[in-house]
1. Just checking, does the stretch 149-167 include any residue being out of contact with any Asp or Glu (no Cβ under 8 Å at 6 or more places or on another chain), among the acidic types (Asp, Glu) and open to solvent by 10 Å² or more (accessible area, probe 1.4 Å)?
2. Could you please find all residues in the stretch 187-209 being in contact with an Asp or Glu (Cβ under 9 Å, 6 or more places away or on another chain) and either of a type in the set (S, T, N, Q) or surrounded by 21 or more Cβ atoms within 10 Å (Cβ to Cβ) (or both)?
3. I want to confirm something. Restricting to the stretch 53-102 and keeping residues that are touching a strand residue (DSSP E or B) at 6+ places or on another chain (Cβ under 7 Å) and of a type in the set (Lys, Arg), which single residue is most open to solvent (accessible area, probe 1.4 Å)?
4. Output the number of residues of the stretch 12-55 satisfying the condition of being out of contact with any helix residue (DSSP H, G or I) (no Cβ under 7 Å at 6 or more places or on another chain) and outside any helix (DSSP H, G or I).
5. I'm told Asp235 meets every condition in (1) touching a Gly at 6+ places or on another chain (Cβ under 8 Å); (2) assigned to a helix (DSSP H, G or I); (3) charged (D, E, K, R) except one. Can you identify the failing condition by its number?
6. Taking the stretch 40-58 as the search range and keeping residues that are in contact (Cβ under 8 Å) with a residue 60 or more places away in the chain and out of contact with any Asp or Glu (no Cβ under 7 Å at 6 or more places or on another chain), which one is nearest to Asp127 (Cα to Cα)?
7. Determine which member of the set Arg146, Arg162, Arg150, Arg125 is touching a strand residue (DSSP E or B) at 6+ places or on another chain (Cβ under 9 Å) and farther than 20 Å from Leu237 by Cα.
Amino acid sequence: MLAHPTLELLHGLGLHGMAQGYKTLDGNPEAQALTHAEWLGIILEHEKTLREQKRFETRARAAHLRHPASVEDVDYRAHRGLDRALFLKLSGCDWIRSRRNLVITGPCGVGKSWLACALGQKACREDLSVLYYRVPRLFAALGLARGDGRYAKLLKQLARARLLILDDWGPEPLSAEQARDLLEIVEDRYDAGSVLITSQVPVDRWYEMIAIPTLADAVLDRLIHNAYRIALSGDSLRKHRPADQLA
């Protein structure tokens, strides 16, 4: 008799997960044997699960990840030199909470972007804010923002994310303006948030890509000294599977 008004009250309070849990239990004859405390615990768990799912969906939408990847789907059998123990450790996201960086390098097609997006998706599930950009498009966006007065706002947006994924850096050298932009980004995030960079270019050639010695020293000092590194190798996985399965 009280089920209907109770459901209305729960929905009215925004407790939609509790309402769903209540409805499920109310329709289950075996639930009649549960104590009031057990009922409460179960419907609270429904509410917690629903809120976590909604937060994840919000985080994932805001991240704009390129691939629908997940760490559970990583293929460790592929011959590309992926250290399983290290990647599983990174999947825990403690490196993001500790504000460390991650660099993934390797030739085209070995799954760098996919792995980066898988870690980004896991960070969203851990309720950490994530922002993904392909580096060429980021520099283009910064150039446009500089012209229409949104430059400071965009830099602030980049600085706020707990994890900033900069995908596909190089191999072209940066212009002086792009090098300064990169320094602004890493300076804002230094000891405040994590950066994940993927590149076809080995780390020992990044100095050449930045080109301006003083800026290169400043950028690399902030990016590399506390970074985990994954150096992949091997043939392109695209020869064997679709682009959305480069795990």
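The values are calculated or read from the model by the stated rules, or taken from the named source; none is laboratory data. Please read these numbers as outputs of a predicted model, since none were measured by experiment. Neighbour counts run over all protein chains shown; Cβ positions are idealised from the backbone, glycine included. Protein only, heavy atoms only, side chains kept; ligands, DNA and RNA dropped before computing areas. Shrake-Rupley method; radii C 1.70, N 1.55, O 1.52, S 1.80 Å.
1. No, that holds for no residue.
2. Leu196, Ile197, Thr198, Ser199, Gln200
3. The selected residue is Arg66.
4. The qualifying residues number 6.
5. Looking at each condition in turn, Asp235 falls short on (2).
6. Just the residues of the stretch 40-58 that are in contact (Cβ under 8 Å) with a residue 60 or more places away in the chain, to begin with: 52, 55-56.
Right, trim to out of contact with any Asp or Glu (no Cβ under 7 Å at 6 or more places or on another chain) and you get 52, 56.
Details: Glu52: 8, Phe56: 6 Å.
If we take residues in the stretch 40-58 being in contact (Cβ under 8 Å) with a residue 60 or more places away in the chain and out of contact with any Asp or Glu (no Cβ under 7 Å at 6 or more places or on another chain), then Phe56 is nearest to Asp127 (Cα to Cα).
7. Being touching a strand residue (DSSP E or B) at 6+ places or on another chain (Cβ under 9 Å) and farther than 20 Å from Leu237 by Cα holds for just one of Arg146, Arg162, Arg150, Arg125, which is Arg162.
Conditions tested, residue by residue: (1) out of contact with any helix residue (DSSP H, G or I) (no Cβ under 8 Å at 6 or more places or on another chain); (2) assigned to a helix (DSSP H, G or I); (3) of a type in the set (Gly, Ala, Ser).
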{"site": "His79", "(1), (2), (3)": "yes, no, no"}
{"site": "Phe87", "(1), (2), (3)": "no, yes, no"}
{"site": "Ile96", "(1), (2), (3)": "no, yes, no"}
{"site": "Leu102", "(1), (2), (3)": "no, no, no"}
{"site": "Pro107", "(1), (2), (3)": "yes, no, no"}
{"site": "Ser113", "(1), (2), (3)": "yes, yes, yes"}
{"site": "Ala116", "(1), (2), (3)": "yes, yes, yes"}
{"site": "Gly120", "(1), (2), (3)": "no, yes, yes"}
{"site": "Ala123", "(1), (2), (3)": "no, yes, yes"}
